[in-house]
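Coordinate-derived values only; no laboratory data. Because the structure is a prediction, the values reported are computed rather than measured. Don't worry about glycine lacking a Cβ; one is built from the backbone with ideal geometry, like all the others, and counts go over all protein chains shown.
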Amino acid sequence: MPLPFRFVKMAGGGNDFLLFEADGRALSAGDKRQIAQVCRRGLSAGADGVLLLSQGGASRIRVDYYNADGGLASFCANGTRCAARYAANRRLTSSGDDPVLETGWGPIPAHVQGSEVTLDLPDIAAPGDPISISGVGLPDKGYPIAVGVPHLVVFVEDGLADLPIARVAPRCAATLGCWTAPT
């Protein structure tokens, strides 16, 4: 399924997204390459990711989120907020109520009032055991936590400006986007 020609670009919380009204559950490798191409800044529309919105169950909206590299992610909070606002403005739910978005993390109820969007997120599990981080200028450890997608929380004493982010999360150093640990 090639991406539709029509899309909307939205921004939320410092991230920008391309929203398509299309089912994102069965994309081919070629579709994922197309997502990476359309997200490439300077040569295309440019975005942090793509949101594919389709009809979910029981007046819900299905949201499939793809990172700018074309990889599927289970959740993006800022992207989900944009999807909720888009769904409310376009009245995509049959009930006309605030949308419930079906994400890879689970159903996320949203409350939309004009440009303000809040999400009712599920409970978050306690952080995992600390992970050792080594290197000059790096903290000793970080704490893995899952907030729909994996994150690594690092406590710093002198502020983020002194943290060598390119060494902690090299794949996102340029954009300060999401990072996934290599498997």
Per-residue HN-Hα couplings for segment 140-150 [Karplus 6.51, -1.76, 1.60; θ = phi - 60°; Hz; x = Gly/Pro]
6, 8, x, 10, x, 8, 9, 10, x, 9, x
Compute the Cα gyration tensor for segment 6-70, then decide on rounded, prolate or oblate, letting a ≥ b ≥ c be the square roots of its eigenvalues: rounded whenever a/c is under 1.5, prolate when a/b is larger than b/c in the other cases, and oblate in all that remain.
oblate
Taking loop as defined by DSSP and a crowding limit of 11 other beta carbons within 10 Å, which trypsin sites (Lys or Arg not before Pro) in segment 75-128 fit?
Arg91
With the crude spin-label approximation of a point 7 Å out along Cα→Cβ, what separation in nm comes out for Ser115 versus Ala26?
4.0 nm
Between Arg6 and Ile124, what is the FRET efficiency for a Förster distance of 45 Å, r being their Cβ-Cβ separation, to the nearest 0.05?
0.80
Would you calculate the convex hull of the Cα atoms in segment 83-130 and tell me its volume per residue in Å³?
97 Å³
